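Worksheet: one structure, shown below.
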Amino acid sequence: MPDWPHSPIHRLGECGAFMVTAATYQKRPFLNTPARLTLVQDTLFELALRFGWLLQAWAILANHYHFIAQSPHDGQTLRALIKTLHGRTSHHLNKDDATRGRRVWYQYWDTVLTYERSYYARLNYVHQNPVKHGLVRQAEQYPWCSAAWFARTATPAFYRRITAMPIDRVNVLDFPVQ
């Protein structure tokens, strides 16, 4: 079947590490409070566990998020995980704002990470995303990101290896935070 030219391609038949990026509709800052950021983060944690995905890095910002996770036996469950995440969080946000039926999420993009250096650079990129967007000076200060968790749990050698990876050449669809 040919690829559909007007949406991201999702090749989910493989097992491996995936990087996922999703944006809010029209890049609007729907996740503009600590409670909303926590809602998305907690829902992501719950669903990753439910669908068998092992989260390795995450960053949730006002108008987008990134995460890296190891798939279960294959990547087919990613679509259901994202659909449930977006459906549940949209319903909650729309209920809070009394805007039933409003579109909250736009699309998601996924990439299978097959090269070690690319994987390491993207881990660092996701950890550093709040810094990149000017939200904090040190990624560990941002509560809706995995940087503090990574600093606490990674071995010192692995921590140094990941944080030394340059991210300036990482090509990831990203969004300005408003």
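The values are calculated or read from the model by the stated rules, or taken from the named source; none is laboratory data. All figures in this text were calculated on a predicted structure; none of them were measured in a lab. Here the Cβ is made from the backbone with ideal geometry for all residues, glycine too, and neighbour counts use every protein chain on show.
What is the one condition in (1) on the phi > 0 side of the Ramachandran plot; (2) assigned to a strand (DSSP E or B) that Ala22 does not satisfy?
(1)
For segment 67-167, list the helices (runs of 4 or more DSSP H) that sit wholly inside it and hold at least 1 residues that are of a type in the set (Val, Ile, Thr) and either in contact with a Lys or Arg (Cβ under 9 Å, 6 or more places away or on another chain) or loosely packed, with under 15 Cβ neighbours inside 10 Å (or both); which are they? First the steps, then the outcome.
On the way: elements: 77-97, 116-132, 147-153, 156-163.
Correct list: 77-97, 116-132, 147-153.
What residue, of Tyr108, Tyr25, is farther than 17 Å from Trp144 by Cβ and touching a helix residue (DSSP H, G or I) at 6+ places or on another chain (Cβ under 7 Å)? Walk me through it before giving the result.
On the way: Tyr25 fails: touching a helix residue (DSSP H, G or I) at 6+ places or on another chain (Cβ under 7 Å).
Testing whether each residue is farther than 17 Å from Trp144 by Cβ and touching a helix residue (DSSP H, G or I) at 6+ places or on another chain (Cβ under 7 Å) leaves just Tyr108.
May I ask you to verify whether Leu39 is surrounded by fewer than 16 Cβ atoms within 10 Å (Cβ to Cβ) and either among the aliphatic types (A, V, I, L, M) or touching a helix residue (DSSP H, G or I) at 6+ places or on another chain (Cβ under 6 Å) (or both)?
Details: surrounded by fewer than 16 Cβ atoms within 10 Å (Cβ to Cβ): no; either among the aliphatic types (A, V, I, L, M) or touching a helix residue (DSSP H, G or I) at 6+ places or on another chain (Cβ under 6 Å) (or both): yes.
No, not satisfied.
Kindly indicate whether His92 is touching a helix residue (DSSP H, G or I) at 6+ places or on another chain (Cβ under 7 Å), at pLDDT 90 or above and of a type outside the set (Val, Ile, Thr). Spell out how you get there, then give the answer.
Working: touching a helix residue (DSSP H, G or I) at 6+ places or on another chain (Cβ under 7 Å): yes; at pLDDT 90 or above: yes; of a type outside the set (Val, Ile, Thr): yes.
Against the criterion (touching a helix residue (DSSP H, G or I) at 6+ places or on another chain (Cβ under 7 Å), at pLDDT 90 or above and of a type outside the set (Val, Ile, Thr)), His92 qualifies.
Out of the residues in segment 156-178 that are polar (S, T, N, Q) and modelled with pLDDT under 95, which is farthest from His66 (Cα to Cα)?
Quick first cut of segment 156-178, residues polar (S, T, N, Q) only: 163, 171, 178.
Filter once more, so that each one left must be modelled with pLDDT under 95: 171, 178.
Numbers: Asn171: 13, Gln178: 17 Å.
Here the answer is Gln178.
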